[in-house]
1. Of the conditions (1) in a helix (DSSP H, G or I); (2) more than 16 Å from the ligand (Cβ to nearest atom); (3) buried (at least 22 other Cβ atoms within 10 Å of the Cβ), residue 249 satisfies every one except a single condition; which number is it?
2. Starting from region 157-185, keep only residues that are surrounded by fewer than 16 Cβ atoms within 10 Å (Cβ to Cβ), then list their pairs with residues that are among the hydrophobic types (A, V, I, L, M, F, W, C) whose Cβ atoms are within a distance under 6 Å, requiring at least 6 positions of separation or different chains.
3. If residue 236 satisfies every condition in (1) within 16 Å of the ligand (Cβ to nearest atom); (2) surrounded by fewer than 18 Cβ atoms within 10 Å (Cβ to Cβ) but one, which is the exception?
4. For region 194-217, enumerate the residues that are surrounded by 21 or more Cβ atoms within 10 Å (Cβ to Cβ) and of a type in the set (Gly, Ala, Ser).
5. If you go through region 180-218, how many residues are within 8 Å of the ligand (Cβ to nearest atom) and more than 13 Å from the chain's Cα centre (by Cα)?
6. Of the residues in region 185-204, how many are touching a helix residue (DSSP H, G or I) at 6+ places or on another chain (Cβ under 7 Å), of a type in the set (A, V, I, L, M) and over 17 Å from residue 156 (Cα atoms)?
7. Within region 77-106, can you find the residues that are touching a residue at least 60 places away in the same chain (Cβ under 8 Å) and either outside the structural domain of residue 241 (by TED's automatic domain parsing) or among the acidic types (Asp, Glu) (or both)?
8. Please go through (1) farther than 22 Å from residue 103 by Cα; (2) hydrophobic (A, V, I, L, M, F, W, C); (3) part of a loop (DSSP other than H, G, I, E, B) for residue 182 and return the number of the only condition it doesn't satisfy.
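The values are calculated or read from the model by the stated rules, or taken from the named source; none is laboratory data. Everything numeric here is computed off the predicted structure, so don't read it as measured data. A quick note on method: Cβ atoms are made from the backbone with ideal geometry, for glycine too, and the neighbour counts reach across all protein chains shown.
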Amino acid sequence: MTERVWPEVYKKLGVSPIINAQSWVTALGGSIMGPEVRQAMDDAANAFIDIKKLNLAAGEVVARSCGAERGLVTAGCSAAQVLMVAACMTGQSEENVEQLPDTTGMKNEVIIFKGQRNRYDKAFVTAGGTLVEYGEPGSVTSDDLEAAINENTACVAFVVAPFIDHGIGLEETIRVAHEHDVPVIVDAAAEVPPRSNLSKFHKMGADMVAFSGGKGIGGPQSAGVLAGKADLMEAVVMNSLNLDSSVAGIGRPMKVSKENIVGMVTALQLFTDSDEAAEWAGWQSKAEFVAERLAGIDGLRVVIEDDPAERQGPQPVLYFEDDFDGPSIADIKQQLEDGDPGIYVGGGGSREEINIVMVNVQDGEEIIIADRLNEILRS
Ligand SMILES: *Cc1c(COP(=O)(O)O)cnc(C)c1O
């Protein structure tokens, strides 16, 4: 078994590390930054720089990586959501930027398909806009979107995420919105890897696209990557620190430190240069290891699933048949979390399954996971 390290900084606070088999969720610490990223942040912490110049230079790396006209490192995907909507409402008007969150005189409606409402969409209204829903899940059409667009429409928001209904789809959404000169902004927080998604939605014609920095990219947990069309991105920059004005933008509380800016671009460059197939193979072999160790339990069906629309990487999914006479899903999860170390897996709630997401499982932890599941499921 691997020797688990309890970092002194957490020990002092009495908080013990856990095994994260639930993916890049904020609740469990996002991702783990590689040594090069941590070193880059340490180096960045040791000098003063002109933040405006640093933002411009980092933005160029982001733009290149995303195949977009202009980029910016933000304080996470949620912060990027706030800034995207702000930019669509204010344009490049200094007066409008200073006036937010009061949107009087500005277009302030953010259109979203009803089936895409989610726990992160508060960020779309933080700058002062309002969400306007369109379409019913299961029967939504392009006409529904068309009917929702009016002279107050600031933008159409689209969310790409596992388990989210894509309605008429991003390409069709862009087609309809652009026919009415309305920009489309995309929350694609957890959609990388695959690395090709960094540029995919831009290629489709999306006006701005936001990713979390601290999920699949492996950057600082409170950083993000935003890129898009030059004119809207200029408005984004105005709404962020707004360093050239006496009034800071609505994004001022979401400032990004020099350490996070440097950590983010370093992680992004490492991510785009790294071997996607090798990363996948590592997850696959951990998934196979756990699946094999759980073979032969009555009433338990273990399937390795990797459908990118639903799953973040290959993962063993545990389905419990009628003849399974062990503990409930909730009980199993509780026992895993209560152990030492605590193990956090996915599933439960509305999903009648346990899934063991390997993207954040460190080498050797798959053995601990398999051992503990065996103890619980075979007892
Ligand atoms: C994680 C997530 C966010 C928030 O991203 P942060 O980088 O944590 O701010 C927004 N939307 C979706 C769909 C997410 O999964």
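1. The number of the failed condition is (1).
2. As it stands, the answer is 171/204; 180/149, since those pairs meet every condition given.
3. For residue 236, the failing item is (2).
4. Hits for region 194-217 are 206, 210, 212, 213, 214, 216.
5. The number of residues fulfilling the criteria is 0.
6. Matching residues across region 185-204 total 2.
7. 94, 98
8. Single failed check for residue 182: (1).
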